[in-house]
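The values are calculated or read from the model by the stated rules, or taken from the named source; none is laboratory data. What you see is a predicted model; the values in this text were computed from it and never measured. Cβ sites come from the backbone with ideal geometry, for glycine too, and all protein chains shown count toward neighbours.
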Amino acid sequence: MYRRNLAAAVLLVSLLALSRGTEAKNVDLSTVPSRTGVQLTIYNSEDLTLVKETRSLTLKKGPNKLQFSWANTLIDPTSVNFRPLDHTEDVELVDTTFPGQKPQHLIWNVESKFEGEVKVEVTYFTSGLTWSMDYTSIANAEETSMRFRGYVRVFNNSGEEYEDAEIRLIVGTINLVEKIAELAQRRGMPVPKPQDAGYENLRKEAAGESFAKAGKASDRRAQGPQIVKEGLSEYFMFSVDGAETVPNGWSKRMQAVAADETKFDIVYRMREHQYGPRPVRFFLWKNDSEHKLGDSPLPDGRVNVFRENGSDGLSFLGQQALRYVPIRAEIEVNLGADDLVVYETRRVFTERMNFHYAGLPEYVDGWEEMSDWTDTIRNYRTKPIVLELRRIWQGDIAYRSAQPTTLFDFQTAETRFEIGARDRVEYKAHLELHDGTNAKQSRIQILK
């Protein structure tokens, strides 16, 4: 028992001595305290995230040593920056050192004329944070209005957990190659290549400048969010309301867009060259204030469309990739072919005339063809519909119809129909085709 107690006493003395030795090496060294706020600006295209952390330090007058570590994370230590947010005239960062005996640590040497608490900002770039967007549209049973929601999912594989983080997303493309060249020329140095030393620092500096421009543009609330356009680049910053904790190794889904009782239109489109031989159903609305949206462009994502079925359940109508939607631009969701709307077309008359002959022996190298067409559209639904018909006609054509018809382009005729519930319409058209040497140019001419 005596030997066991003696051994324990010797071990305790040894630990105390080792502890005192460690403290002696770190006299006046303080670890940077926990965050009081954090903001993440995530740019998917370059796997870059700018992190801004707010921390409150207690400084003494004179020199202060502050330790910052990034072990087991994807933080870029060369991008770490320290900046006082208050008492800026009294607090100065003297230098930054990377102690050899402590890898993945840095020490800031701060000179302070002020004693007390100081708010500081720590910024750095990290990797491993990405985001995706998805949307949900739930139409009421009558299909007259919808609830529209947009959700951001942030994936965190950076090695660091971010508590109560404000999330900002860079949407669009930043031409960093162009920006790096501009920075290099501004400093009178040759433009570095990706494998050159210093390229990575310029890349992050260029990204930081672009992030700052996007942030300033998004903060001009009176004018509405602004798109930043630089050369071949076009991008903007999308801010998610509120704050969320994003644990390392997890993803977090956050609501970013919400609109209730959003009105929308239903339009059927018959475009065989584009959608196939059957009419296709669309939901249409706009990203504007009239439709309870328009605070920001909408990022790329996938939209799922449902309808209330009247029995406390939902019917799935369709899914579609939604491309970037600017403010005031139209949103179109293709819900596929509808069996309750039927389109048929048939040629009811053809005649050829005005032949042109050439050569010896003579052969026909030009003629005109007259044809009559009847299109029939049947609506088996219990409510009226609108259908847009586009047909492509090749060649030099004169086109006549009793139904108002316009040109979508030089070879495509477009007509719009309103068809009553359980009703049908017939669309009669007369075409004069000038072929061979009789043709002047390939286009449709609408005749009155």
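Of note:
- Scanning segment 118-162 for residues that are over 30 Å from residue 32 (Cα atoms), among the hydrophobic types (A, V, I, L, M, F, W, C) and touching a Phe, Trp or Tyr at 6+ places or on another chain (Cβ under 9 Å) yields 133, 138, 139, 146, 148, 152.
- Any hit, segment 346-362, residues being at pLDDT 95 or above, surrounded by fewer than 15 Cβ atoms within 10 Å (Cβ to Cβ) and within 41 Å of the chain's Cα centre (by Cα): no
- Where strands (runs of 3 or more DSSP E) fall wholly inside segment 87-141, the ranges with 2 or more residues that are in contact with a helix residue (DSSP H, G or I) (Cβ under 7 Å, 6 or more places away or on another chain) and touching a residue at least 24 places away in the same chain (Cβ under 8 Å) are 116-126, 129-139.
- The condition of being at pLDDT below 95, closer than 26 Å to residue 417 by Cα and either outside any strand (DSSP E or B) or in contact with a Gly (Cβ under 8 Å, 6 or more places away or on another chain) (or both) does not hold for residue 281.
- The number of residues in segment 326-370 being of a type in the set (Lys, Arg) and closer than 20 Å to residue 442 by Cα comes to 1.
- Annotation: of all residues in segment 142-175 being polar (S, T, N, Q) and assigned to a strand (DSSP E or B), the one that is farthest from residue 290 (Cα to Cα) is 156.
- Single residue of segment 374-420 satisfying the filter (among the basic types (Lys, Arg) and part of a strand (DSSP E or B)) that is nearest to the chain's Cα centre (by Cα): 390
- Residue tally, condition loosely packed, with under 14 Cβ neighbours inside 10 Å and either assigned to a strand (DSSP E or B) or touching a Phe, Trp or Tyr at 6+ places or on another chain (Cβ under 6 Å) (or both), over segment 57-80: 3
- Among residues of segment 305-349 being touching a residue at least 24 places away in the same chain (Cβ under 8 Å) and hydroxyl-bearing (Ser, Thr, Tyr), the one that is nearest to residue 173 (Cα to Cα) is 324.
- Pairs, first touching a residue at least 40 places away in the same chain (Cβ under 8 Å) and under 23 Å from residue 428 (Cα atoms) in segment 350-369, second surrounded by fewer than 13 Cβ atoms within 10 Å (Cβ to Cβ) and among the aliphatic types (A, V, I, L, M), C-beta under 6 Å, six or more apart: 368/353
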